[in-house]
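Got a structure for you, written out below as structure tokens; questions coming shortly.
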């Protein structure tokens, strides 16, 4: 049996600007609530909006206008870093 290839779907994705994935890596837990290491997963959308999902017992998801805004709130003066897992679009 041959493999079906949907050229219409492939063409749609060729022009798509997909979200860029990242993780939040925390070296020091300043607040004592989220631990260290990989503490959250996220995506950055084509317009700069960032969505963050926390990876601990009390899960939550938050939306930020930009990565800069996210880092201003959660960066703790460089103790937590956004690490992109996808190349820049």
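The values are calculated or read from the model by the stated rules, or taken from the named source; none is laboratory data. Because the structure is predicted, anything quoted here is derived from the model rather than measured. For neighbour counting, all protein chains shown are included, and Cβ atoms are generated from backbone atoms with ideal geometry for every residue, glycine included.
Pairs please, first residue from the range 65-89 and in contact (Cβ under 8 Å) with a residue 60 or more places away in the chain and on the phi < 0 side of the Ramachandran plot, second anywhere and in a strand (DSSP E or B) and loosely packed, with under 15 Cβ neighbours inside 10 Å, Cβ atoms under 6 Å, 6+ apart in sequence or on different chains.
Matching pairs, first to second residue: 85/21; 86/21.
Just give me the residues in the range 41-67 being modelled with pLDDT of 95 or more and part of a strand (DSSP E or B), in sequence order.
If the condition is that a residue be modelled with pLDDT of 95 or more and part of a strand (DSSP E or B), then 41, 42, 43, 44, 50, 51, 52, 53, 61, 62, 63, 64 are the ones that fit.
State all residues of the range 16-40 that are free of Cβ contacts under 8 Å to residues at least 60 places away in the same chain and assigned to a loop (DSSP other than H, G, I, E, B); if no residue qualifies, say none. I'd like the intermediate steps shown before the answer.
Kept after step one, since they are free of Cβ contacts under 8 Å to residues at least 60 places away in the same chain, are these residues of the range 16-40: 16, 19, 24-40.
Across the range 16-40, the qualifying residues are 16, 19, 27, 28, 29, 30, 31, 32, 33, 34, 35, 36.
With the requirement that a residue be within 16 Å of residue 28 (Cβ to Cβ) and in contact with a strand residue (DSSP E or B) (Cβ under 7 Å, 6 or more places away or on another chain), what does the range 69-89 give you?
71, 74, 79, 80, 81, 82, 83
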